[in-house]
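As structure tokens, the structure follows; a few thoughts come after it.
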Amino acid sequence: MKEVLQILKKTGALIPNGHFVGVSGRHLDTYITKDALLPHTAEVSKIAKLIAEKAKNLKVDAVVGPALGGIILSQWVAHHLSRIQRKKILSFYTEKTNDAGQAFTRGYDERVKGQKLLVVEDTVTTGGSAIKVVNAVKQAGGKVAKIIVITNRDPKQVNSKFLGVSFSSLCNLSLASYDPKDCPMCKAGVPVNIKLGHGKKFLESQK
């Protein structure tokens, strides 16, 4: 956990003391942005290796992550896991659908069918995105061996029981998130960050 936090801070991926809106729509005072981490290939490789080490005893055929950031993470994890297990492990990704879900495209659904997959994700707040990827794997006829994420913002709520599959994270960060109507930053008049997260979309929805 300490090593992961150091990497997130070093790359500027962990941003405290703000007013952000996550993909779930909940408001956050601390934001973790994969966009600051991903340009640093050495650091991404280190984190992916830590994920691969957690999965070293799993029987998996491929790794999958949600586009866009999950593509890079999936590739690196598959690379390291292939070396650890001494076999070829493929990397796939899912894409957003018109109904806000996730699905395999580009013929990947056929390649996933009958395979066991490791799902990787950068950060979970409610677990909603991870569940969408799990559903995509199942719809394509694959099986989920485990979900492993870099950071879990709500370890009390987001766990294996809640997600319905084996789950773990490299780093648990018990950071608060708020329903918009209960958000203390909104009540205090703290401006919503429109450069990171979904703040711009939230403000547009309030017009």
Fill in: Per-residue [θ]222 nm for the chain (sum of -39500 (n - 2.57) over DSSP H runs n ≥ 4, rounded to 500)
-10000 deg cm²/dmol
Worksheet item: Tally Lys/Arg at +1 and Asp/Glu at -1 over every other residue whose Cβ is under 12 Å from the Cβ of CYS171; what's the total?
Response: +2
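How about the stretch 1-67: which trypsin sites (Lys or Arg not before Pro) there lie in a loop by DSSP and see at most 11 other Cβ atoms within 10 Å?
Numbers: sites: LYS2, LYS9, LYS10, ARG26, LYS34, LYS46, LYS49, LYS54, LYS56, LYS59; in loops: ARG26, LYS56, LYS59.
Loop-located and lightly packed - LYS56, LYS59.
With the contact rule set at Cα under 8 Å and sequence spacing of 6 or more, what percent relative contact order holds for the stretch 2-189?
With pairs under 8 Å counted, the relative contact order is 19 percent.
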Worksheet item: How do ASP35, ASP122, ASP154 rank when sorted from fewest to most other Cβ atoms within 10 Å of their own Cβ?
Response: ASP35, ASP154, ASP122
Fill in: Debye, to nearest 20: dipole size of the stretch 66-143, +1 on Lys, Arg Cβ, -1 on Asp, Glu Cβ
500 debye
Practice prompt. State the Kirkwood hydrodynamic radius of the stretch 2-189 in Å, one decimal place, computed from all pairs of distinct Cα atoms.
Written response: 16.8 Å
Worksheet item: Ordered by residue, what ³J(HN,Hα) values in Hz, to whole numbers, does the stretch 90-105 give under the Karplus form 6.51 cos²θ - 1.76 cosθ + 1.60, where θ = phi - 60° and Gly and Pro are x?
Response: 7, 10, 10, 8, 9, 10, 5, 9, 5, 9, 6, x, 10, 8, 7, 10
Practice prompt. Taking amide H positions as placed in the peptide plane 1.01 Å from N, state which residues far from TYR31 in sequence (5 or more) or on other chains have amide H under 5 Å from it.
Written response: ILE15
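Could you work out Rg/(2.2 N^0.38 Å) for the stretch 31-91, with Rg from alpha carbons only? Please report the intermediate quantities before stating the final value.
On the way: Rg = 11.4 Å, N = 61, 2.2 N^0.38 = 10.5 Å.
Normalised Rg, Cα atoms only: 1.08.
Please list 163-170, 186-193 highest first by mean number of surrounding beta-carbon atoms within 10 Å per residue.
Details: 163-170: 17.4, 186-193: 13.0.
The peptides rank, most packed first, as 163-170, 186-193.
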Worksheet entry | Cut-off under 5 Å, modelled amide H: who pairs with SER169 long-range | VAL149
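Using the Cα centre of the chain as the reference point, and only Cβ charges (+1 on K/R, -1 on D/E), how large is the resulting charge dipole? Debye, rounded to the nearest 20. Before the final figure, lay out the partial values.
Details: 32 positive and 16 negative charges, 123 e Å.
With only Lys, Arg, Asp and Glu charged at Cβ, the dipole is about 580 debye.
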Worksheet entry | Neighbour-count order for PHE104, PHE162, fewest beta carbons within 10 angstrom listed first | PHE162, PHE104
Discussion item. Given points 7 Å out from each Cα along the Cα-Cβ axis, report the HIS40 to LYS113 separation in nanometres with one decimal.
Written reply: 4.3 nm
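None of the figures in this text is laboratory data; all of them are computed from the coordinates on show. Note that the structure is predicted; figures quoted are calculated from it, not measured. All Cβ positions, glycine included, derive from the backbone under ideal geometry; neighbour counts span all protein chains shown.
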